[in-house]
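Trainee: Please find one structure pasted underneath; my questions will follow.
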Amino acid sequence: MYPEKIMKDNDCVAFLKWALPQMNMRWPGFRKVRRQTCKRIERRLRELGLSDVAEYRSCLEEKQDEWEVLDTLCRITISRFYRDRGVFQALGRDVLPELAQKAEQEGSRFLRCLCAGCASGEEPYTLALLWKFVAAGKSPEMDIRVIATDSDRTMLERAARACYQPSSLKELPDRWQKEAFDKVDGRFCLRPEFRAMTEFCRQDIRQSMPDGPFQLILCRNLVFTYYDSALQKRILERLSEKLDNGGALIIGIHEELPEQTEAFVPWRSNLKIYRKQIRR
Ligand SMILES: C[S@@+](CC[C@H](N)C(=O)[O-])C[C@H]1O[C@@H](n2cnc3c(N)ncnc32)[C@H](O)[C@@H]1O
(Lines give C-alpha, C1' and ligand atoms only; values in the text may rest on other atoms or scores of the structure.)
Protein backbone atom coordinates (compact mmCIF):
# COMPACT_ATOMS: atom_id res chain seq x y z
CA MET A 1 0.00 0.00 0.00
CA TYR A 2 1.30 3.48 -0.93
CA PRO A 3 0.69 6.24 1.63
CA GLU A 4 -1.91 8.78 0.54
CA LYS A 5 -0.41 11.75 -1.34
CA ILE A 6 -0.14 14.90 0.73
CA MET A 7 0.79 17.15 -2.18
CA LYS A 8 -1.09 17.38 -5.49
CA ASP A 9 0.74 18.29 -8.69
CA ASN A 10 -0.69 21.82 -8.77
CA ASP A 11 0.37 22.41 -5.14
CA CYS A 12 3.88 21.35 -6.08
CA VAL A 13 3.89 23.61 -9.16
CA ALA A 14 2.76 26.62 -7.12
CA PHE A 15 5.37 25.84 -4.49
CA LEU A 16 8.19 25.53 -7.06
CA LYS A 17 7.15 28.79 -8.74
CA TRP A 18 7.52 30.47 -5.35
CA ALA A 19 10.71 28.73 -4.18
CA LEU A 20 12.88 28.34 -7.30
CA PRO A 21 13.52 32.07 -8.00
CA GLN A 22 14.73 32.43 -4.42
CA MET A 23 17.45 29.87 -5.23
CA ASN A 24 18.37 31.56 -8.55
CA MET A 25 16.59 28.78 -10.41
CA ARG A 26 13.91 29.02 -13.09
CA TRP A 27 10.56 27.27 -13.21
CA PRO A 28 10.46 26.66 -17.02
CA GLY A 29 13.49 24.35 -16.68
CA PHE A 30 11.63 22.19 -14.18
CA ARG A 31 8.22 22.15 -15.87
CA LYS A 32 8.68 18.86 -17.77
CA VAL A 33 10.83 17.06 -15.19
CA ARG A 34 9.16 18.23 -12.00
CA ARG A 35 8.01 14.72 -11.01
CA GLN A 36 11.46 13.85 -9.65
CA THR A 37 11.60 16.99 -7.49
CA CYS A 38 7.93 16.84 -6.41
CA LYS A 39 8.37 13.24 -5.25
CA ARG A 40 11.40 14.19 -3.19
CA ILE A 41 9.61 17.18 -1.65
CA GLU A 42 6.70 14.91 -0.73
CA ARG A 43 9.17 12.55 0.99
CA ARG A 44 10.71 15.51 2.83
CA LEU A 45 7.27 16.62 4.11
CA ARG A 46 6.80 13.13 5.57
CA GLU A 47 10.27 13.16 7.16
CA LEU A 48 9.45 16.48 8.83
CA GLY A 49 5.95 15.33 9.84
CA LEU A 50 4.29 18.16 7.91
CA SER A 51 0.76 17.81 6.62
CA ASP A 52 0.96 20.02 3.52
CA VAL A 53 3.26 22.13 1.39
CA ALA A 54 2.05 25.38 3.02
CA GLU A 55 3.62 24.13 6.24
CA TYR A 56 6.84 23.42 4.37
CA ARG A 57 6.81 26.97 3.07
CA SER A 58 6.52 28.29 6.65
CA CYS A 59 9.36 25.99 7.64
CA LEU A 60 11.56 27.50 4.90
CA GLU A 61 10.62 31.00 6.01
CA GLU A 62 11.73 30.18 9.55
CA LYS A 63 14.79 27.98 8.97
CA GLN A 64 17.52 29.16 6.63
CA ASP A 65 19.20 25.72 6.68
CA GLU A 66 16.18 24.06 5.08
CA TRP A 67 16.92 25.94 1.83
CA GLU A 68 20.09 23.87 1.52
CA VAL A 69 18.02 20.69 1.80
CA LEU A 70 15.57 21.97 -0.81
CA ASP A 71 18.49 22.79 -3.10
CA THR A 72 19.55 19.12 -3.06
CA LEU A 73 15.95 18.03 -3.76
CA CYS A 74 16.04 20.14 -6.91
CA ARG A 75 18.91 18.26 -8.56
CA ILE A 76 17.58 16.61 -11.68
CA THR A 77 19.78 13.59 -12.32
CA ILE A 78 18.48 12.16 -15.61
CA SER A 79 21.23 11.12 -18.06
CA ARG A 80 22.21 8.35 -20.49
CA PHE A 81 25.10 7.34 -22.73
CA TYR A 82 25.31 9.03 -26.15
CA ARG A 83 22.45 11.37 -25.23
CA ASP A 84 21.63 13.42 -28.36
CA ARG A 85 23.63 11.22 -30.68
CA GLY A 86 24.03 13.91 -33.39
CA VAL A 87 26.08 15.96 -30.93
CA PHE A 88 28.45 13.08 -30.20
CA GLN A 89 28.70 12.15 -33.88
CA ALA A 90 29.83 15.69 -34.73
CA LEU A 91 32.13 15.69 -31.74
CA GLY A 92 33.85 12.47 -32.84
CA ARG A 93 33.99 13.30 -36.53
CA ASP A 94 34.95 17.01 -36.50
CA VAL A 95 35.44 18.63 -33.11
CA LEU A 96 37.69 16.18 -31.23
CA PRO A 97 40.06 15.60 -34.20
CA GLU A 98 40.43 19.35 -34.79
CA LEU A 99 41.02 20.10 -31.11
CA ALA A 100 43.49 17.21 -30.80
CA GLN A 101 45.42 18.35 -33.87
CA LYS A 102 45.64 21.92 -32.53
CA ALA A 103 46.74 20.73 -29.07
CA GLU A 104 49.38 18.47 -30.65
CA GLN A 105 50.72 21.33 -32.78
CA GLU A 106 51.01 23.38 -29.61
CA GLY A 107 53.18 20.67 -28.07
CA SER A 108 50.64 18.93 -25.84
CA ARG A 109 50.11 15.15 -25.56
CA PHE A 110 46.68 15.41 -23.93
CA LEU A 111 43.33 16.84 -24.80
CA ARG A 112 41.88 18.13 -21.53
CA CYS A 113 38.09 17.97 -21.21
CA LEU A 114 35.73 19.10 -18.46
CA CYS A 115 32.33 17.54 -18.06
CA ALA A 116 30.31 19.62 -15.56
CA GLY A 117 27.20 18.05 -14.02
CA CYS A 118 28.23 14.56 -15.08
CA ALA A 119 25.48 12.54 -13.26
CA SER A 120 26.54 8.86 -12.91
CA GLY A 121 29.29 9.15 -15.51
CA GLU A 122 27.27 8.49 -18.66
CA GLU A 123 28.45 11.65 -20.40
CA PRO A 124 32.20 11.63 -19.54
CA TYR A 125 32.39 7.91 -20.30
CA THR A 126 30.68 8.53 -23.65
CA LEU A 127 33.48 11.00 -24.36
CA ALA A 128 36.07 8.35 -23.50
CA LEU A 129 34.35 5.82 -25.79
CA LEU A 130 34.16 8.37 -28.59
CA TRP A 131 37.83 9.06 -28.28
CA LYS A 132 38.84 5.38 -28.35
CA PHE A 133 36.45 4.27 -31.09
CA VAL A 134 36.39 7.32 -33.37
CA ALA A 135 38.93 10.08 -32.79
CA ALA A 136 42.08 8.47 -31.36
CA GLY A 137 43.07 6.89 -34.71
CA LYS A 138 43.40 10.36 -36.25
CA SER A 139 45.89 11.56 -33.60
CA PRO A 140 47.74 8.42 -32.47
CA GLU A 141 50.26 10.39 -30.40
CA MET A 142 47.53 12.09 -28.39
CA ASP A 143 45.40 10.97 -25.46
CA ILE A 144 42.37 12.37 -23.70
CA ARG A 145 41.85 13.30 -20.04
CA VAL A 146 38.34 13.96 -18.77
CA ILE A 147 37.60 15.67 -15.47
CA ALA A 148 33.98 15.16 -14.52
CA THR A 149 32.25 17.04 -11.72
CA ASP A 150 28.92 16.76 -9.95
CA SER A 151 27.62 18.04 -6.62
CA ASP A 152 25.73 14.83 -5.81
CA ARG A 153 27.68 12.24 -3.83
CA THR A 154 25.38 9.36 -4.78
CA MET A 155 25.77 10.11 -8.49
CA LEU A 156 29.55 10.13 -8.14
CA GLU A 157 29.55 6.83 -6.26
CA ARG A 158 27.57 5.30 -9.12
CA ALA A 159 29.98 6.85 -11.62
CA ALA A 160 32.90 5.20 -9.81
CA ARG A 161 31.15 1.80 -9.98
CA ALA A 162 30.43 2.36 -13.70
CA CYS A 163 27.75 -0.35 -13.94
CA TYR A 164 24.52 0.53 -15.73
CA GLN A 165 21.07 -0.77 -16.52
CA PRO A 166 20.63 -1.73 -20.20
CA SER A 167 18.27 1.26 -20.72
CA SER A 168 21.15 3.70 -20.06
CA LEU A 169 23.06 2.27 -23.02
CA LYS A 170 20.26 1.94 -25.53
CA GLU A 171 21.52 4.75 -27.79
CA LEU A 172 25.12 3.49 -27.94
CA PRO A 173 26.31 1.77 -31.14
CA ASP A 174 26.13 -2.04 -30.70
CA ARG A 175 29.83 -2.57 -31.28
CA TRP A 176 30.75 -0.13 -28.49
CA GLN A 177 28.41 -1.93 -26.09
CA LYS A 178 30.00 -5.28 -26.92
CA GLU A 179 33.61 -4.12 -26.84
CA ALA A 180 33.58 -1.73 -23.90
CA PHE A 181 31.24 -3.38 -21.35
CA ASP A 182 31.07 -6.65 -19.43
CA LYS A 183 27.65 -7.98 -18.47
CA VAL A 184 27.49 -8.58 -14.71
CA ASP A 185 24.20 -9.68 -13.09
CA GLY A 186 22.15 -8.10 -15.87
CA ARG A 187 24.00 -4.79 -15.75
CA PHE A 188 26.65 -3.42 -18.09
CA CYS A 189 29.96 -2.57 -16.43
CA LEU A 190 32.46 -0.40 -18.27
CA ARG A 191 35.88 -2.02 -18.68
CA PRO A 192 38.78 -0.46 -16.74
CA GLU A 193 40.67 0.80 -19.81
CA PHE A 194 37.72 3.10 -20.63
CA ARG A 195 37.31 4.23 -17.03
CA ALA A 196 40.99 5.16 -16.71
CA MET A 197 40.65 8.31 -18.81
CA THR A 198 38.13 9.92 -16.45
CA GLU A 199 38.60 11.46 -13.02
CA PHE A 200 35.59 12.41 -10.91
CA CYS A 201 35.42 15.25 -8.46
CA ARG A 202 32.63 16.50 -6.18
CA GLN A 203 32.05 20.19 -6.83
CA ASP A 204 29.15 22.60 -6.87
CA ILE A 205 29.51 24.49 -10.14
CA ARG A 206 28.12 27.63 -8.49
CA GLN A 207 31.11 27.66 -6.15
CA SER A 208 34.08 25.99 -7.80
CA MET A 209 35.48 24.40 -10.93
CA PRO A 210 38.60 22.32 -11.58
CA ASP A 211 41.79 24.05 -12.65
CA GLY A 212 42.02 24.63 -16.39
CA PRO A 213 42.85 25.17 -19.07
CA PHE A 214 40.56 22.83 -21.00
CA GLN A 215 40.21 22.42 -24.74
CA LEU A 216 36.66 21.07 -24.45
CA ILE A 217 33.91 21.75 -21.92
CA LEU A 218 30.57 19.95 -21.79
CA CYS A 219 28.02 21.69 -19.61
CA ARG A 220 24.75 20.15 -20.68
CA ASN A 221 21.32 20.06 -19.09
CA LEU A 222 22.22 21.85 -15.89
CA VAL A 223 23.20 25.54 -15.81
CA PHE A 224 21.34 26.70 -18.91
CA THR A 225 18.19 24.77 -18.05
CA TYR A 226 17.71 25.18 -14.32
CA TYR A 227 19.45 28.44 -13.35
CA ASP A 228 18.25 32.02 -13.79
CA SER A 229 19.95 34.28 -16.31
CA ALA A 230 22.15 36.15 -13.80
CA LEU A 231 23.58 32.86 -12.50
CA GLN A 232 23.95 31.50 -16.04
CA LYS A 233 26.02 34.54 -17.00
CA ARG A 234 28.21 34.29 -13.93
CA ILE A 235 28.93 30.59 -14.50
CA LEU A 236 29.48 31.06 -18.23
CA GLU A 237 32.14 33.68 -17.47
CA ARG A 238 33.95 31.22 -15.19
CA LEU A 239 33.68 28.43 -17.78
CA SER A 240 35.05 30.77 -20.41
CA GLU A 241 38.07 31.54 -18.22
CA LYS A 242 38.78 27.80 -17.96
CA LEU A 243 38.55 27.20 -21.72
CA ASP A 244 41.46 27.70 -24.14
CA ASN A 245 40.95 30.24 -26.88
CA GLY A 246 39.72 28.15 -29.86
CA GLY A 247 38.35 25.51 -27.46
CA ALA A 248 34.82 24.11 -27.68
CA LEU A 249 31.88 24.56 -25.33
CA ILE A 250 28.89 22.24 -25.66
CA ILE A 251 25.59 22.97 -23.96
CA GLY A 252 22.36 20.94 -24.00
CA ILE A 253 20.53 20.61 -27.30
CA HIS A 254 17.45 22.40 -25.88
CA GLU A 255 19.46 25.09 -24.10
CA GLU A 256 20.49 28.61 -25.13
CA LEU A 257 23.49 30.67 -24.13
CA PRO A 258 22.61 33.90 -22.35
CA GLU A 259 22.14 36.89 -24.66
CA GLN A 260 25.16 38.97 -25.63
CA THR A 261 27.64 36.16 -25.19
CA GLU A 262 30.35 37.54 -27.40
CA ALA A 263 33.20 35.16 -26.56
CA PHE A 264 31.46 32.17 -28.17
CA VAL A 265 30.71 31.71 -31.86
CA PRO A 266 28.65 28.84 -33.24
CA TRP A 267 30.71 25.84 -34.41
CA ARG A 268 27.63 23.72 -35.06
CA SER A 269 24.79 25.95 -33.88
CA ASN A 270 22.00 23.38 -34.45
CA LEU A 271 23.91 21.06 -32.10
CA LYS A 272 24.77 23.80 -29.57
CA ILE A 273 28.50 23.42 -30.10
CA TYR A 274 30.39 26.72 -29.73
CA ARG A 275 33.97 27.81 -30.17
CA LYS A 276 35.61 30.27 -27.83
CA GLN A 277 36.94 33.06 -29.98
CA ILE A 278 38.55 36.04 -28.35
CA ARG A 279 40.06 38.41 -30.87
CA ARG A 280 43.22 40.05 -29.58
C1 LIG B 1 20.15 16.50 -15.75
S2 LIG B 1 21.70 15.88 -15.21
C3 LIG B 1 22.64 16.10 -16.69
C4 LIG B 1 23.69 15.05 -16.85
C5 LIG B 1 24.50 15.16 -18.14
N6 LIG B 1 25.21 16.39 -18.21
C7 LIG B 1 23.59 15.00 -19.33
O8 LIG B 1 23.31 15.98 -20.03
O9 LIG B 1 23.13 13.88 -19.58
C10 LIG B 1 22.29 17.22 -14.16
C11 LIG B 1 23.40 16.82 -13.21
O12 LIG B 1 23.92 18.00 -12.60
C13 LIG B 1 24.14 17.76 -11.23
N14 LIG B 1 24.07 19.03 -10.51
C15 LIG B 1 22.97 19.69 -10.07
N16 LIG B 1 23.31 20.84 -9.48
C17 LIG B 1 24.68 20.91 -9.54
C18 LIG B 1 25.64 21.87 -9.12
N19 LIG B 1 25.26 23.00 -8.51
N20 LIG B 1 26.95 21.63 -9.35
C21 LIG B 1 27.34 20.49 -9.97
N22 LIG B 1 26.49 19.54 -10.40
C23 LIG B 1 25.16 19.75 -10.20
C24 LIG B 1 23.05 16.78 -10.83
O25 LIG B 1 23.43 16.05 -9.67
C26 LIG B 1 22.94 15.92 -12.08
O27 LIG B 1 23.76 14.78 -11.98
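Trainee: Tell me which of these Phe264 doesn't satisfy, since it passes every other one: (1) touching a residue at least 60 places away in the same chain (Cβ under 8 Å); (2) among the hydrophobic types (A, V, I, L, M, F, W, C); (3) within 24 Å of Phe88 (Cβ to Cβ); (4) in contact with a strand residue (DSSP E or B) (Cβ under 9 Å, 6 or more places away or on another chain).
Mentor: (1)
Trainee: Follow-up. Please specify each residue of region 164-188 satisfying the condition of being under 28 Å from Gln203 (Cβ atoms) and buried (at least 17 other Cβ atoms within 10 Å of the Cβ).
Mentor: Once the filter is applied, which keeps residues that are under 28 Å from Gln203 (Cβ atoms) and buried (at least 17 other Cβ atoms within 10 Å of the Cβ), region 164-188 yields Tyr164, Ser168, Leu169, Leu172, Ala180, Phe181, Phe188.
Trainee: While we're looking at this one, here's another question. Give the residue that is farthest from Tyr56 (Cα to Cα), with candidates limited to residues of region 67-117 that are polar (S, T, N, Q) and surrounded by fewer than 18 Cβ atoms within 10 Å (Cβ to Cβ). If you could, list the steps in order and put the result at the bottom.
Mentor: Here is the first cut: in region 67-117, the ones polar (S, T, N, Q) are 72, 77, 79, 89, 101, 105, 108.
From what is left, the residues that are surrounded by fewer than 18 Cβ atoms within 10 Å (Cβ to Cβ) are 72, 77, 89, 101, 105, 108.
Values: Thr72: 15, Thr77: 23, Gln89: 45, Gln101: 55, Gln105: 58, Ser108: 53 Å.
It comes out as Gln105.
Trainee: Out of (1) under 14 Å from the mean Cα position of the chain (by Cα); (2) closer than 26 Å to Thr72 by Cα, the odd one out for Ala160 is which?
Mentor: (1)
Trainee: Answer yes if at least one residue in region 146-169 is away from the ligand (no atom under 16 Å from the Cβ), out of contact with any His (no Cβ under 7 Å at 6 or more places or on another chain), modelled with pLDDT of 95 or more and among the aliphatic types (A, V, I, L, M), and no otherwise.
Mentor: Residues of region 146-169 away from the ligand (no atom under 16 Å from the Cβ): 163, 166.
Checking the rest, the ones that are also out of contact with any His (no Cβ under 7 Å at 6 or more places or on another chain) come to 163, 166.
Checking the rest, the ones that are also modelled with pLDDT of 95 or more come to 163, 166.
Imposing the further condition that a residue be among the aliphatic types (A, V, I, L, M) reduces the set to none.
No.
Trainee: Of the residues Leu222, Leu216, which single one is more than 12 Å from the ligand (Cβ to nearest atom) and surrounded by 20 or more Cβ atoms within 10 Å (Cβ to Cβ)?
Mentor: Within the list Leu222, Leu216, the selection yields Leu216.
Trainee: Would a scan of region 105-126 turn up a residue that is among the small types (Gly, Ala, Ser), more than 10 Å from the ligand (Cβ to nearest atom) and in contact (Cβ under 8 Å) with a residue 40 or more places away in the chain?
Mentor: No - not one qualifying residue is present in region 105-126.
Trainee: Only one of these is over 22 Å from Pro266 (Cα atoms) and of a type in the set (A, V, I, L, M, F, W, C): Ile205, Ile217, Ile235, Ile253. Name it. Step through it out loud before you land on a result.
Mentor: Working: Ile217 fails: over 22 Å from Pro266 (Cα atoms); Ile235 fails: over 22 Å from Pro266 (Cα atoms); Ile253 fails: over 22 Å from Pro266 (Cα atoms).
None of the other options fit; the residue is Ile205.
The values are calculated or read from the model by the stated rules, or taken from the named source; none is laboratory data. Quick caveat, the model's predicted, so the values are computed rather than measured. Note that we place each Cβ from the backbone using ideal geometry, even for glycine, and neighbour counts take in every protein chain shown.
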